[in-house]
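The values are calculated or read from the model by the stated rules, or taken from the named source; none is laboratory data. All figures in this text were calculated on a predicted structure; none of them were measured in a lab. Using ideal geometry, Cβ is built from the backbone for each residue, glycine included, and neighbour counts are taken over all protein chains shown. Calculation scope for accessible area: heavy atoms of the full protein, side chains included, ligands and nucleic acids excluded. Shrake-Rupley method; radii C 1.70, N 1.55, O 1.52, S 1.80 Å.
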Amino acid sequence: MKTYDAFVIGDANVDLVIVGCNQLPLPGQEIFVRDMNLHVGGGAALFSITLAKLGKKLAFKGIVGTDYYGQYILEQFYQCGIDTSFIERSDRNKTGISIAINPENDRSFISYAGTNAELQVEHVAIEDLMPSHHVHLTGYKGSANHAAYMKIAQKLNQSGITVSLDVGWDDTGEWYHGIFDLMDWIDVFFMNETEVLHYTGCKTVEDSIQFIAAKRKNAVIKLGAQGAVAIIHGIVTHCPGYNVPVVDTTGAGDSFNAGYIFGFLSGMPVKDCLVYGNACGALSVGEYGGSAGTVDLPTLVEFIQERLSENIKS
């Protein structure tokens, strides 16, 4: 018997979301903003919270500090029913924190990686992952840790455990082409439209999609308000997004990932996985903070059905 629907490996930090900051203060100056809110942040953490609220049983592997913020993250996970027994607490660094400035417009971030920088996928014990149906990976850094990700993905694949990975933004600028080898061992490979352009070297998203389809690789490309595209065994499936008011896009991609994987783990067709992903992403952008817009399954289904009814009437 499997203990977990999914085991998530990756970053967990806190986000301080500053609302209504139109300019940074000059030296010696103080400015006042409309609001500030503290939330759990980090792509893996936001993915986990969303998927757990949808009813899946999760375990999380990450590293937080022995400080207040580390305890805050553990408490938030506990409230969502996420197993935190695999989370390490370190006194080498403080818990990571990211300050999101002016999120209602063009967001800017000031970030401290903290304990997240201590997590190495090669140090994850494979036997800890065996009680899971699925493993979600983050933290890929191109050639710097490609071999470690290939190794863990291959071992999981050979053990019959499905794997998803959000490749994330490459802040080194390398855009390592080895990801196309890694794709062979990943069941659901998430990228956004900017990332897929960099990795494929194509000028348009459409060309990038055809590039991946021709290679017979599996990938899910997030297109923001335009929805998402899944390329599975050369078959391209597009699902339009939802037209909703946007307050804060922080964590929208991670919420999409959770919605898609919920469908994937529930045995849904690819089109329905995309629908659930788009719905989670749409609900996420209606609140400040990456986890504030997450909902339970009945609320998500109601949202999808209401939008479907509106489309039929129109």
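Share of Cα-Cα pairs in region 123-250 beyond 18 Å, in percent?
55 percent
Could you identify which residue out of 137, 26, 283 has the top mean-square fluctuation in a GNM of the chain using Cα springs shorter than 10 Å?
Highest fluctuation among the options: 26.
Kirkwood hydrodynamic radius of region 210-273 from all distinct Cα pairs, in Å?
12.6 Å
Find how much the distance from residue 37 to residue 22 grows on full extension, using 0.36 nm per residue of separation minus their present alpha carbon separation; answer in nm with one decimal.
My answer for the length gained is 3.7 nm.
Just grab the label-to-label distance for residue 308 and residue 3, each label 7 Å out from Cα along the Cβ direction, in nm (one decimal).
3.6 nm
Could you work out [θ]222 nm for the chain from helices alone, using -39500 (n - 2.57) per DSSP H run of at least four and dividing by all its residues? Round to the nearest 500 deg cm²/dmol.
Rounded to the nearest 500, it is -10500 deg cm²/dmol.
What are the semi-axes of the equivalent ellipsoid for region 149-192, taken as the square roots of 5 times the Cα gyration tensor eigenvalues, largest first, in whole Å?
Gyration-tensor ellipsoid for region 149-192: 21, 11, 8 Å.
When the Kirkwood radius is taken over all Cα pairs of region 241-314, what Stokes-Einstein diffusion coefficient follows at 4 °C and 1.567 mPa s, in µm²/s?
For these conditions, the coefficient is 106 µm²/s.
To the nearest 0.05, how large is the calculated FRET efficiency for residue 243 and residue 170 if R₀ is 41 Å and r is the Cβ-Cβ distance?
That pair, residue 243 with residue 170, gives E of 0.85.
In whole Hz, what ³J(HN,Hα) sequence does region 58-75 give by Karplus (6.51, -1.76, 1.60; θ = phi - 60°), x for Gly and Pro?
So the J values, rounded to whole Hz, are 10, 10, 10, 10, x, 9, 10, x, 8, 8, 4, 5, x, 5, 4, 4, 4, 5.
Over region 170-314, with the other protein chains present, what is the accessible area per residue in square angstrom, probe 1.4 angstrom?
Heavy-atom accessible area per residue stands at 45 Å².
How big is the Kirkwood radius of region 48-135, worked out from every pair of different alpha carbons and given in Å to one decimal?
14.5 Å
Got a sec? What order do 68, 149 fall in by accessible area at 1.4 Å, biggest, i.e. largest, first?
68, 149
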